4 protein chains.
Amino acid sequence: MVKAGIIGSTGYAGQELVRLLLQHKEAEIIWYGSKSYVDQTFSSVFGNMFHIVEDVCRGDDLHALCREADVIFTATPQGYLASVLDEEILDACKVIDLSADFRIKDVDVYEAWYGIPHASRQFIPEAVYGLCERNREEIRGARLVANPGCYPTCSVLSIYPMVKNKYIDLKTLVIDAKSGTSGAGRGAKVPNLYCEVNENIKAYSVASHRHTPEIEEQLSYAAGEPVTLNFTPHLVPMNRGILITAYANLKPGVTKEMVRDAYIQAYKDEYFVRVLDEGTCPETRWVEGSNFVDVCPNVDERTGRVIMMGAMDNITKGAAGQAVQNMNLMFGLEETEGLRLVPVFP
Amino acid sequence: MVKAGIIGSTGYAGQELVRLLLQHKEAEIIWYGSKSYVDQTFSSVFGNMFHIVEDVCRGDDLHALCREADVIFTATPQGYLASVLDEEILDACKVIDLSADFRIKDVDVYEAWYGIPHASRQFIPEAVYGLCERNREEIRGARLVANPGCYPTCSVLSIYPMVKNKYIDLKTLVIDAKSGTSGAGRGAKVPNLYCEVNENIKAYSVASHRHTPEIEEQLSYAAGEPVTLNFTPHLVPMNRGILITAYANLKPGVTKEMVRDAYIQAYKDEYFVRVLDEGTCPETRWVEGSNFVDVCPNVDERTGRVIMMGAMDNITKGAAGQAVQNMNLMFGLEETEGLRLVPVFP
Amino acid sequence: MVKAGIIGSTGYAGQELVRLLLQHKEAEIIWYGSKSYVDQTFSSVFGNMFHIVEDVCRGDDLHALCREADVIFTATPQGYLASVLDEEILDACKVIDLSADFRIKDVDVYEAWYGIPHASRQFIPEAVYGLCERNREEIRGARLVANPGCYPTCSVLSIYPMVKNKYIDLKTLVIDAKSGTSGAGRGAKVPNLYCEVNENIKAYSVASHRHTPEIEEQLSYAAGEPVTLNFTPHLVPMNRGILITAYANLKPGVTKEMVRDAYIQAYKDEYFVRVLDEGTCPETRWVEGSNFVDVCPNVDERTGRVIMMGAMDNITKGAAGQAVQNMNLMFGLEETEGLRLVPVFP
Amino acid sequence: MVKAGIIGSTGYAGQELVRLLLQHKEAEIIWYGSKSYVDQTFSSVFGNMFHIVEDVCRGDDLHALCREADVIFTATPQGYLASVLDEEILDACKVIDLSADFRIKDVDVYEAWYGIPHASRQFIPEAVYGLCERNREEIRGARLVANPGCYPTCSVLSIYPMVKNKYIDLKTLVIDAKSGTSGAGRGAKVPNLYCEVNENIKAYSVASHRHTPEIEEQLSYAAGEPVTLNFTPHLVPMNRGILITAYANLKPGVTKEMVRDAYIQAYKDEYFVRVLDEGTCPETRWVEGSNFVDVCPNVDERTGRVIMMGAMDNITKGAAGQAVQNMNLMFGLEETEGLRLVPVFP
């Protein structure tokens, strides 16, 4: 039984981790960490957990926690883990970080986009980027896993086969992303109020969203050369879900069949990545509450472009689900344990 | 392994049955029946099932199905099961009917409220009303279970302890109910279009909703006398969930403490009924995707009334979840098997 | 041209006042008061006003404002107006208060339900309750109008004909109300976040909502005797709209025809109250963005009850629209000026 | 007083036309045409019109109507107007067609994308494309105006200044569009049911949407050369609104300032096109219920691209509002008459 502690359990990603770990056969939660709700019962914060979780929220003392836990999940603000992480913690247990602190290898890029100094850059080299479908083997042996961002997970998985096969002109790559509102977190801010989000769609952080360099870095590895692209997120009036619509010019000679085959080959052994039937558009409703990513390319022969689409639940595969998938790999468990949830519709 | 066939698997309740049975350890689905989608893959109708269900939809031949199945779920329009049910089917397998055909014992009442003649009234006496928390023992031995309506399930469980203990003046009982839109079914009708339901709330079927006599009958059993009440459903712009707000005058001498104690005693051994902490209002979001019913009474000493509230997922405990709970009882399985799902939030 | 100042113009009701007054032929806004956005342009707070309103938000100095304005609207928190109102202000201009400070005549009741002392009780007697359909004449001559609460407006108009005609047993009166989320205001609070409100319905402030005594007082005037009732509000995932579903026992001998006739007589000269065709249920979508209240009674002969239903836009007729209607009366303008807006659908 | 007839008044665009014309000082509606609701009162179809419109729906006899009307609006399915239009009608009155029948000058392109033969191609040359901001003068003299599609209106206005000034590489132009669900019409279809649209986002008609050639044609006029582009619409769970996010590479030497200036110059005299402050992202909520289009370019110097954004109400400026704007021009009225509606928020 893997003993898991969650720092930041009272945010949306933290709560989803609780939901998933409660239904996991080989893990148990021993610490419900919170900043705002210490000493309150977890179920008073999330009424769905009434009669299911009896625990009271505790603080965020990683050093105390690491002596009790086999794994710590940190669903915390940027900079927090970097500010407290040390060898003692990493010696004592494994850490899966849902923040961005250890996702980007080039610390200057991190500091430029996040606008804060990195307080423990010595751990950046060993941190493994926890996109399971790409880095499965490294994750198995890692002490510290940087759980990918929601947009990068869906973007990279939706685009990867085209980049890896060098089928697209990388200079033409544009990613238009749409996310449900849980991605904005549970902080009390006017722009996230019901009446502000409902009956509205908008782009935000245009040309400046922090997930941009993370996506670029991961696609660069696949390309074997630097990738620079536009990434534009939009806020959609729904709770869960991310949809990626990416555009690029196909290189001469690349056909519809080659494109489709690239996706099928890339994901034929992946349980969580579903390559939809030709001509199908991914929809967020079909993955809700699950760890699936649905992808499907669409070749427009008229314009010579490929439209790469992907849909995912932003707090499952985009956060908590992938974190559990990483935990399963790190502890030698079945990779899909606790994650074979059938998407909930409607 | 219980072999289950579903007639009407391509409606919302039918699809939820599929979701639940796929995650049930001791059941397998052998027949995906449909009227509109015969010969199409089930996953082409419900994209969430892609790569999970490979089956093709079949028709609604109950006589063929009963030779293969241990249990048949009928999630069909009113009158359908009554028109085809016979001894051959009931000899061959168990039937759990999600329609209203066998819920009401007085066939005249059925015919008056539903406006259709009952085509197999000979089976009404043996049909067991499948409200597990009330009729557990009878369900275990039944061949034919009438799965309760969504509104009646939530209404009866929310009100029952007050009626059973004779704490309220039955003549003053009023039920104001609110439901998500999945309760309206998947038929293509203008009033159920997105733009018609969104940003709106309305009452409907005022003083004439067909679930009224079902609620009255069940509460009459608890009261030991006939109950006549008002039941007013409302359509809420959300997918899932039912909320009941019921009002009645307390009888003289009934205190807050007595009321609370009645709920706790009634449900102390029930896994799926959660009596919330005093002063808490049930919310549909806390039960979404689960088989829980959250109930909580609120005594208004100023007016001498009790406000009885309950929240439930209309297609889980209100339809498919309760059907699986009935199946578990009928086959001697653990009652909660396949149903210990943590509610999904947000 | 009536010069109007708005204190609290950056809340939802305040912004709606701006929308309505901008489309009013005989009024102009001279002061956009705000607590949180002083010195910011109004259109930076509400992007719909871009290129329409060039003004910068000012503070809440009522004494400065009263020297420039003919009328002041206060869309402010409870207790604010009572804490600053004096003869100087009321001598200089008229005041329409959208808060609850002057709605309730019995100051003890006010203080008990609102939990704050009333700081200027000397003005309570002269304040006129601004429910135009009831107090039209008094409003015309008033210096200080207490604009009714949203729930009381819809409740009283939906129920009034039954009370006035003594057709119902007042002891059996129960009001079940449902409101869109704009009624919760624009404050940054976790319970009002999109993901907390969306896909949910709940009751709140059960047996304790502050609009209860206001409704009781107004119905008492109509009844000629004290009225005590239950009022239960619910939060609905939509922006605008209030729906009232009220229940009461009909007195012996009161028929369907008498009930219907009472509504028609009560409202035959009222532009803003529409008595719907028999059997029709009011829906909030049909009044959105307008000053209409749609009402319709439904008699259940089986139970002897009348179900009184009403739908209204909570921030138009329930706040800003009624405030403008009051202004029109107070300044001798056409009562419907600026308010003949066709409801926006979908 | 302009006498207007509406064919297709019981769809969403038709109903919006009614709303706008009722609030127009110099027009009156003399014919509420409908296919599905003939002989029913218009207000029984749209409850918002209760007590406002007393008329009964009539059929679609254009020849009868043209003898009574000064202008006919056709909000009808593709092919309908082309199948009935003749000289008699155009001699008798003006026609504003909200369908696509006369938008595209190359009839082969029309027939290829719409999949139907064009039944009255003789009128294509004289039809004026009713994008008022571009073709104001031609519209004034037209007998037949082809009211632009919703996506083309928002796309062309959002992109036009960049194309006209030759600031972008046309080969790199990609348009990612998002629309509320009213754009899908009021037909009873399963994919448009509340539970299918709610909590979901998806792309549709990828590389095949019929508005593509319309956008290409209009931008070609501005460019002076053929334009081929990708256009991808998405369905958003909201009633109203279209958001355009378009991407293109800037030509060498084009600066942020030049881009911004191009928009300001293009729209400085346009009441309905608002160029937002630099760095602001258009949001559909800020234009809801109004005829405004909010546009704002964002230059990403890092990638050398411009992101062109625009927001609009799809059934106002995207359909009925623009139709009224066209009517105003055709009849020599003030262009903004009946259209100076303040957007409704929230």
Original post:
Where nothing but the Cβ of Lys and Arg (+1) and of Asp and Glu (-1) is charged, how large is the charge dipole of the protein assembly as shown around its Cα centre, in debye to the nearest 20?
Top reply: 0 debye
**OP:** Have a look at the range C:40-68 and report residues whose accessible surface goes down by 10 Å² or more when the remaining protein chains are included, against the chain on its own, probe 1.4 Å, ligands and DNA/RNA excluded.
**Re:** C:Phe46, C:Gly47, C:Asn48, C:Phe50, C:His51, C:Ile52
Original post:
Where in the range A:307-343 does accessible area fall by at least 50 Å² between the isolated chain and the complete protein assembly, at a 1.4 Å probe radius?
Top reply: A:Val342
Subject >> Probe 1.4 Å, all protein chains present, accessible-area order of D:Asp106, B:Asp86, B:Asp294, largest first >> reply: D:Asp106, B:Asp86, B:Asp294
Original post:
Taking chain D as a Gaussian network, Cα atoms linked when under 10 Å apart, which of D:Pro252, D:Pro237, D:Pro117 shows the biggest mean-square fluctuation?
Top reply: D:Pro252
Original post:
Among the DSSP beta bridges whose two residues both lie in the protein assembly as shown, what percent are antiparallel, rounded to the nearest 5?
Top reply: 50 percent
Original post:
What are the radius of gyration and Dmax of chain A, computed over its Cα atoms and given in Å?
Top reply: 19.6, 63
Subject >> Taking all pairs of distinct alpha-carbon atoms in the range C:28-156, Kirkwood radius in angstrom >> reply: 15.8 Å
**OP:** Specify the angular offset, from 0 to 90 degrees and rounded to the nearest 10, of the alpha carbon long axis of helix C:321-330 from the longest principal axis of the alpha carbons in chain C.
**Re:** 80 degrees
Original post:
Taking the label point as lying 7 angstrom from Cα along the Cα-to-Cβ axis, what are the distances from B:Ile264 to the corresponding position in the remaining copies, in ascending order and in nanometres?
Top reply: 5.6, 6.3, 7.0
Subject >> Under 19 Å from D:Lys35, Cα to Cα: lysines that are on another chain or at least 8 residues apart >> reply: B:Lys189, D:Lys189
Original post:
Please state the relative contact order of chain D as a whole percent: Cα pairs under 8 Å, 6+ residues apart?
Top reply: 18 percent
Original post:
What distance in nm separates the simple spin-label points at B:Arg67 and C:Asp86, each placed 7 Å from Cα in the Cβ direction?
Top reply: 9.5 nm
Original post:
Heavy-atom accessible surface, probe 1.4 Å, ligands and DNA/RNA ignored: which residues of the range A:262-277 lose at least 40 Å² versus the isolated chain?
Top reply: A:Arg274
Original post:
Counting only DSSP beta bridges with both residues in the range C:150-248, what percent are antiparallel, rounded to the nearest 5?
Top reply: 55 percent
Original post:
Could you sort B:Trp113, C:Trp286 by accessible area so the largest value comes first, with the probe set to 1.4 Å?
Top reply: B:Trp113, C:Trp286
Subject >> Of the GluC sites (Glu not before Pro) in the range D:96-152, those whose Cβ has at most 16 other Cβ within 10 Å and which sit in DSSP loop >> reply: D:Glu126
Subject >> Accessible area expressed per residue, the range B:76-179, with surrounding protein chains retained (probe 1.4 Å, Å²) >> reply: 34 Å²
Original post:
If one computes the Cα centroid of the range A:13-32 and of the range C:99-141, what distance in Å separates the two points?
Top reply: 53 Å
**OP:** State, to one decimal in nm and shortest first, how far the label point of B:Gly115 sits from each corresponding label point in the other identical copies (label point: 7 angstrom along Cα-to-Cβ).
**Re:** 3.6, 4.9, 6.1
Original post:
Looking down the axis that turns A into D, which residue of A has the closest beta carbon, and how many Å out?
Top reply: A:Asp176, 2
Original post:
Which of the aspartates and glutamates could be linked to D:Lys25 by a straight reach, that is with a Cα gap under 14 Å, when you skip same-chain ones fewer than 8 residues away?
Top reply: D:Glu334, D:Glu335, D:Glu337
Original post:
Looking at chain A, what % of its DSSP beta bridges pair antiparallel, to the nearest 5?
Top reply: 50 percent
Original post:
What is the set of long-range amide H partners of B:Leu341 at a cut-off below 5 Å, with H atoms built 1.01 Å from backbone N?
Top reply: B:Asn291
**OP:** Using the charge dipole of the range D:240-346 (Lys, Arg: +1 at Cβ; Asp, Glu: -1 at Cβ; taken about the Cα centre), state which of D:Tyr263, D:Thr316, D:Pro297 has its Cα farthest towards the positive end.
**Re:** D:Pro297
Original post:
In degrees from 0 to 90, rounded to the nearest 10, what is the angle of the helix A:211-223 Cα long axis to the longest principal axis of chain A?
Top reply: 60 degrees
**OP:** Show the residues, 5+ positions off or on another chain, whose built amide H is closer than 5 Å to the amide H of D:Val273.
**Re:** D:Val293
**OP:** May I ask which of A:Lys105/A:Lys164; B:Lys317/C:Lys317; B:Lys164/C:Lys202 have a Cα-Cα span longer than 29 Å here?
**Re:** B:Lys317/C:Lys317
**OP:** Compute the relative contact order of the range D:119-228 as a whole-number percentage, counting only Cα pairs closer than 8 Å that sit 6 or more residues apart in sequence.
**Re:** 25 percent
Original post:
Under Stokes-Einstein, with the Kirkwood radius over Cα pairs standing in for Rh, what whole-number D in µm²/s applies to the range C:1-62 at 10 °C and 1.306 mPa s?
Top reply: 140 µm²/s
Original post:
For the range B:62-105, treating each Cα as an identical point scatterer without solvent, what Debye log10 I(q)/I(0) comes out at q = 0.18 1/Å?
Top reply: -0.47
Original post:
Over the range D:32-140, what percent of the accessible surface lies on carbon and sulfur atoms, probe 1.4 Å?
Top reply: 48 percent
**OP:** Mind giving me the nanometre distance, one decimal, between the label points for B:Glu138 and C:Lys268, set 7 Å out from Cα along Cα→Cβ?
**Re:** 5.4 nm
Original post:
Computed over the Cα atoms of the range A:123-224, what is the ratio Rg over Rh, Rh following Kirkwood?
Top reply: 1.03
Original post:
aspartates and glutamates near A:Lys171 by alpha-carbon distance under 16 Å, same-chain residues fewer than 8 away left out - which ones?
Top reply: A:Glu216, A:Glu217, A:Glu225, D:Asp169, D:Asp300, D:Glu301
**OP:** Specify the residue with the greatest mean-square fluctuation among D:Val145, D:Val190, D:Val206, computed from a Gaussian network of chain D linking alpha-carbon atoms under 10 Å apart.
**Re:** D:Val190
Original post:
Rounded to the nearest 100 Å², what is the sum over both chains of accessible area buried where D meets B, with a probe of 1.4 Å?
Top reply: 1700 Å²
Subject >> Per-pair calculated FRET efficiency, R0 = 22 Å: A:Ser208 and D:Glu257 via Cβ, rounded to 0.05 >> reply: 0.70
**OP:** Between the label point of C:Glu334 and that of the same position in each other copy, find the distances and list them shortest first in nm, with every label point placed 7 Å from Cα along the Cα-to-C-beta direction.
**Re:** 1.5, 7.2, 7.4
Original post:
Just for the Cα atoms in the protein assembly as shown, what are the lengths along the principal axes, largest first, rounded to whole Å?
Top reply: 84, 76, 64
Original post:
With all protein chains present and a 1.4 Å probe, how do A:Lys105, A:Lys202 order by accessible area, largest first?
Top reply: A:Lys105, A:Lys202
Subject >> For chain D, built as a Gaussian network whose Cα springs stay under 10 Å, the top-fluctuating residue of D:Tyr12, D:Tyr114, D:Tyr151 >> reply: D:Tyr114
Subject >> C-alpha long axis of helix A:256-267 to longest principal axis of chain A, angle in ° >> reply: 20 degrees
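The values are calculated or read from the model by the stated rules, or taken from the named source; none is laboratory data. Since the model is a prediction, treat every value here as computed from it, not as a measurement. Note: ideal-geometry Cβ built from the backbone for every residue, glycine included; neighbour counts use all protein chains shown. Please note that ligands, DNA and RNA were not included when accessible areas were found on the heavy atoms of the full protein model with its side chains. Shrake-Rupley method; radii C 1.70, N 1.55, O 1.52, S 1.80 Å.
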